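The values are calculated or read from the model by the stated rules, or taken from the named source; none is laboratory data. Values in this document were obtained by computation on a predicted structure and should not be read as measured data. The protein model used for the area step is the full one, side chains on, heavy atoms only, and it has no ligands, DNA or RNA in it. Shrake-Rupley method; radii C 1.70, N 1.55, O 1.52, S 1.80 Å.
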Amino acid sequence: KDALARVSVVSCSGVIYDAHVQKRAEEVLDYRTRISGVESHHLLAENGALPFDQVQREVLDLISVETILVGHSLHKDLRALKIQHAKIVDTALIFGVEGGNHRRRHKLNSLVTLMRRQVPTLQPVRPGAHDPRQDAKWALELALYEASIHPATTKPLKLLSFPKTIFLSEIPKGTAAKELGAFFAHGTCAEVSFHLQSELGSWLGTATVTFGSQAERDKAFNDLPRFVRVYVGPLRDWAGRTDLAKMQAQLKEHFLKFGRVRSCRVMCPRAFPGQSALPFCLLECHPTAARVVLTNRQAQSFPGHRTLFKVSLAEAEANETRCCAPL
């Protein structure tokens, strides 16, 4: 599972707190250094890292019930710190996405790039691992700008586009950039960065492919083999199960009878108080297999799950275009 590695707090006058959280090397499977900037030596006591309880207490000492906390997707930060606080301003919520539903959010780096014309004091986004101090400063500046134009508000912003780039995700571990490059003859594939997926317990990679023009990118994307995403669930017989790998293997074995299945991912949503949450699955199938699965009643149950479940085309997120290539 994810763990807290560093805490940074800023105010209008600058950085007021910055500390790494102690972790033994044997407790960490993936530092995600490329994204987090955290390396093993940062989390050692001899290098100044502090116990979690001390970091939590020192952060609480900085705030009162009247303090307004500002951040981007702040609920994640507070959850990691195991802190509850009533007065918050979350820049992920106050800056909307044009044409998106309420679940769509701007990433902080994208939001900074989109808002630099309105807020010229924002430092530009630079390549490399993120700095939590900079993230905190960005969120504070964005929130102060929005407060300064009250009662007006910033209109929803278009998602930041990358017209010459294809983003690749869920790349199986061990796949080299050269292998991916075989799909994109006219593009330049960056090195694959692998990260441990906590919910699946497996390593998957991400990479980008850059082209000379948007037309070249669009042609390369359209030439890729397509897979259809299919929703399966709710899986009532499996309520309470947590062995995701075994559940996924059982479902994949079942659906392979109907054709080519690229991936099978079971998810167990969190239940709200007083409600139950049932696991469900997202399949990625070849279109021919998807057609059979969607029209064959025998696909809706199997010996490992005798209760009938729903099989339907999965709804895509607003502005989402998805293509899965078999490797």
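The three principal axes of the Cα atoms in the stretch 23-134 give end-to-end lengths of 47, 37, 29 Å, sorted in falling order. In this structure, the pairs whose alpha-carbon distance is over 29 Å, taken from Lys137/Lys158; Lys173/Lys246; Lys87/Lys164; Lys1/Lys252; Lys1/Lys107, are Lys87/Lys164. Phi angles of the stretch 27-36 translate, via the Karplus equation with coefficients 6.51, -1.76, 1.60 and θ = phi - 60°, into HN-Hα couplings of 8, 10, 8, 8, 7, 6, 4, 4, 9, 7 Hz per residue; Gly and Pro are given as x.
Once backbone amide H atoms are built at 1.01 Å from N, Gln22 has Leu50, Phe52 as its partners under 5 Å, excluding neighbours fewer than 5 places away on the same chain.
Run the numbers on the stretch 223-320 and let me know its relative contact order in percent, using alpha-carbon pairs under 8 Å that are six or more apart. Reported as a whole number, the value is 41 percent. Under the rule a/c < 1.5 gives rounded, and otherwise a/b versus b/c splits prolate from oblate, where does the stretch 240-303 land using the Cα gyration tensor? Prolate is the answer for the stretch 240-303, as a/c is 1.5 or above and a/b outweighs b/c.
Karplus-based coupling profile of the stretch 205-213, in residue order and whole Hz: x, 10, 7, 10, 10, 10, 10, x, 8, with θ = phi - 60° in 6.51 cos²θ - 1.76 cosθ + 1.60 and x standing for Gly or Pro.
What do you get when you divide the Cα radius of gyration of the stretch 159-287 by 2.2 N^0.38 Å, with N the number of residues?
Values: Rg = 17.7 Å, N = 129, 2.2 N^0.38 = 13.9 Å.
It is 1.27.
In Å², what does the accessible area per residue of the chain work out to with a 1.4 Å probe?
On the way: 19800 Å² over 327 residues.
About 61 Å² of surface per residue is accessible.
Between amide H atoms placed 1.01 Å from N, distances below 5 Å from Ser11 occur with Ile16, all of them 5 or more places distant or on a separate chain. Bridgeable aspartates and glutamates around Lys310 (alpha carbons under 16 Å apart, same-chain partners fewer than 8 residues away excluded): Asp237, Glu284. Note on the chain: the alpha carbon radius of gyration divided by the globular reference 2.2 N^0.38 Å gives 1.14. Available extension along the chain between Ala182 and Tyr17 is 54.7 nm, counting 0.36 nm per residue and deducting the alpha carbon span.
Using a cutoff of 8 angstrom between alpha carbon atoms and counting only pairs six or more residues apart, the relative contact order for the chain works out to 13 percent. Residues whose amide H falls under 5 Å from that of Val97, counting only those 5 or more places apart or on a different chain, are Leu157, with hydrogens built in the peptide plane. By accessible area, using a 1.4 Å probe on protein heavy atoms only, the chain has 53% of its surface on carbon and sulfur. For the stretch 259-274, the Karplus equation 6.51 cos²θ - 1.76 cosθ + 1.60, evaluated at θ = phi - 60°, returns couplings of x, 6, 10, 7, 8, 9, 10, 8, 10, 10, x, 6, 8, 7, x, x Hz by residue, with Gly and Pro reported as x.
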